[in-house]
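Chemist: Take a look at this one; I'll ask things after.
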Amino acid sequence: MKNVLILLCMIVLLGAKEPVVEQLFNVQTLKVERKKIAVSQKNYGFIKADEKSRYLVAPRFGGYIIDLYADETYKYVTKGTPLAKVYSPEVYQAKDEYLNSYRYDKSSSNKGMLQSARLKLQLLGLSEGEIAAVVKSGQKRAYTMIYAPADGYIFKKRVEKGGAFTAKQTLFEIVSLKKVWLELQVTQQDAAFFKDAERFEATTRMYPERFKAFDPVIYPALDPKNATVFVRLTVPNEDKKLFPGLYANLESFKKERYALTIPQSAVIRKAGNYYAFTAGEYEGEYQPVQIRVKAVDEKIYEVIEGVSEHDVIVSNALFMMDSDAQINGLYE
């Protein structure tokens, strides 16, 4: 048959020190080399909001929503942006007390009343600009503004225009996505890998680029049902492409180093052991050698023992080599 790999195998019984497979045609070989490698590990998880980047807007006073500027969920706001204009009887009364104290202070040496009235406005959460406006205008304003405490998206909105709210009620939850978390649920063995890894890259199905991740944190808790642990990494997200709930893959890399490597195509596994075929004493002769290897990636093995640098091994048609070696009892 044309263009078909022809295999002629025989056992050299005379003149050889030990049994070998004699491969006459189309055998490709390579030398075991020492190369720079970066052992990696792949896991998957989900993007979560950074807990340190969540801001709750919960006024220290009750009142009514007059105008609602943050009027839809997931609207983006910047720090200092007005979220709502409200009327609060409590704040209105505190402004009146502050204005009266200021007027009284002009004709009195007692500064305690003015300081107390100002402190009350501060404790109610009013901005310094709004407090100053009371004195500057000489009149108390009926309405008070609620401002965004940080840049971010309004993930939760719990009020409507014309609605009432009570003191300490959460009106908005703002989440900054400038940094996000990537949370993974991994095996205990995989979790140990993160302690030695020095570089992390995340990918998603939405975008072609790779996102750098940093600062792995292994949670001090085990999921007893699955015997897994949670690992969290921080991912910079200035472009705000990543958002909570997004599925992501993470590849972790250990520090680059030199090691003996061979392609996985040059290794065959039998009964839980790994073998390579090394060149024999004569040209075209090969023998199986048990080796210990560790996967670097889906294409390369690191050699722990069994072959040495510059040894010549077979890199193709191992199933044919294996068949003849098995028939002739060459495996230990």
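Chemist: Consider the range 170-211. How many of its residues are part of a loop (DSSP other than H, G, I, E, B) and open to solvent by 40 Å² or more (accessible area, probe 1.4 Å)?
Modeler: Residues of the range 170-211 that are part of a loop (DSSP other than H, G, I, E, B), as a first pass: 170-171, 176-178, 204-210.
If we keep only those that are open to solvent by 40 Å² or more (accessible area, probe 1.4 Å) too, we end up with 178, 205-210.
Residues flagged as part of a loop (DSSP other than H, G, I, E, B) and open to solvent by 40 Å² or more (accessible area, probe 1.4 Å) within the range 170-211 amount to 7.
Chemist: Counting just the residues of the range 135-153 that are within 30 Å of Glu72 (Cα to Cα) and of a type in the set (D, E, K, R), which one comes out least open to solvent (accessible area, probe 1.4 Å)?
Modeler: As a first pass, look at the range 135-153 and keep what is within 30 Å of Glu72 (Cα to Cα): 141-153.
Then drop every residue that is not of a type in the set (D, E, K, R), which leaves 141, 151.
Values: Arg141: 139, Asp151: 45 Å².
This residue is Asp151.
Chemist: Which of the residues belonging to the range 292-306 are over 11 Å from Thr261 (Cβ atoms) and in a loop (DSSP other than H, G, I, E, B)?
Modeler: Glu298, Gly306
Chemist: Let me ask you something else. Quick check: is even one residue across the range 48-71 open to solvent by 70 Å² or more (accessible area, probe 1.4 Å), charged (D, E, K, R) and in contact with a strand residue (DSSP E or B) (Cβ under 7 Å, 6 or more places away or on another chain)?
Modeler: Yes, because at least one residue in the range 48-71 is open to solvent by 70 Å² or more (accessible area, probe 1.4 Å), charged (D, E, K, R) and in contact with a strand residue (DSSP E or B) (Cβ under 7 Å, 6 or more places away or on another chain).
Chemist: With respect to Ala167, is the statement that it is within 30 Å of Tyr92 (Cβ to Cβ), surrounded by 13 or more Cβ atoms within 10 Å (Cβ to Cβ), more than 23 Å from the chain's Cα centre (by Cα) and not hydroxyl-bearing (Ser, Thr, Tyr) true?
Modeler: yes
Chemist: Related question: Just for the range 177-213: of the residues that are of a type in the set (Phe, Trp, Tyr) and at pLDDT below 95, which one is farthest from Asp50 (Cα to Cα)? Quick ask: steps written out before the conclusion?
Modeler: Start the filter on the range 177-213 by keeping residues that are of a type in the set (Phe, Trp, Tyr), which leaves 181, 193-194, 200, 207, 211.
When the remaining residues are screened for being at pLDDT below 95, the result is 193-194, 207.
Values: Phe193: 23, Phe194: 20, Tyr207: 21 Å.
This residue is Phe193.
Chemist: While we're on this one: When you scan the range 108-121, do you find a residue that is in contact with a strand residue (DSSP E or B) (Cβ under 6 Å, 6 or more places away or on another chain) and surrounded by fewer than 19 Cβ atoms within 10 Å (Cβ to Cβ), even just one?
Modeler: no
Chemist: Let me spell it out: the conditions are (1) in contact with a strand residue (DSSP E or B) (Cβ under 9 Å, 6 or more places away or on another chain); (2) in contact (Cβ under 8 Å) with a residue 60 or more places away in the chain; (3) open to solvent by 30 Å² or more (accessible area, probe 1.4 Å); (4) at negative phi, and Arg292 meets all of them except one. Which number is the exception?
Modeler: The single condition Arg292 does not satisfy is (2).
Chemist: Give the residues of the range 49-86 that are more than 30 Å from the chain's Cα centre (by Cα) and part of a strand (DSSP E or B), sorted by residue number.
Modeler: Result: Gly63, Tyr64, Ile65, Ile66, Asp67, Leu68, Pro82, Leu83, Ala84, Lys85, Val86.
Chemist: Pick from the range 212-232 the residues that are hydrophobic (A, V, I, L, M, F, W, C) and touching a residue at least 40 places away in the same chain (Cβ under 8 Å): which of them is least open to solvent (accessible area, probe 1.4 Å)?
Modeler: Only one residue tops the list, namely Val231.
Chemist: In this structure, is Ala84 under 30 Å from Tyr247 (Cα atoms), buried (at least 16 other Cβ atoms within 10 Å of the Cβ) and at pLDDT 90 or above?
Modeler: no
Chemist: When you look at Lys75, is it open to solvent by 30 Å² or more (accessible area, probe 1.4 Å), modelled with pLDDT of 90 or more and at negative phi, yes or no?
Modeler: yes
Chemist: For the range 34-47, enumerate the residues that are assigned to a loop (DSSP other than H, G, I, E, B) and surrounded by fewer than 18 Cβ atoms within 10 Å (Cβ to Cβ).
Modeler: Result: Ala38, single match.
Chemist: For the range 233-268, which positions are in a strand (DSSP E or B) and either more than 24 Å from Gln188 (Cα to Cα) or open to solvent by 50 Å² or more (accessible area, probe 1.4 Å) (or both)?
Modeler: Within the range 233-268, Pro236, Tyr247, Asn249, Lys254, Arg257, Tyr258, Ala259, Leu260, Thr261, Ile262, Pro263, Ile268 meet the criteria.
Chemist: Given the residues Arg141, Arg118, which is the only one that is under 18 Å from Tyr104 (Cβ atoms) and in contact (Cβ under 8 Å) with a residue 12 or more places away in the chain?
Modeler: Arg118
The values are calculated or read from the model by the stated rules, or taken from the named source; none is laboratory data. It should be emphasised that the depicted structure is a prediction, and the values quoted were computed from it without experimental measurement. In this analysis, Cβ positions are derived from the backbone assuming ideal geometry, glycine residues included, and neighbour counts consider all displayed protein chains. When the accessible area is computed, the model is the full protein with side chains, heavy atoms only, and any ligands, DNA or RNA have been set aside. Shrake-Rupley method; radii C 1.70, N 1.55, O 1.52, S 1.80 Å.
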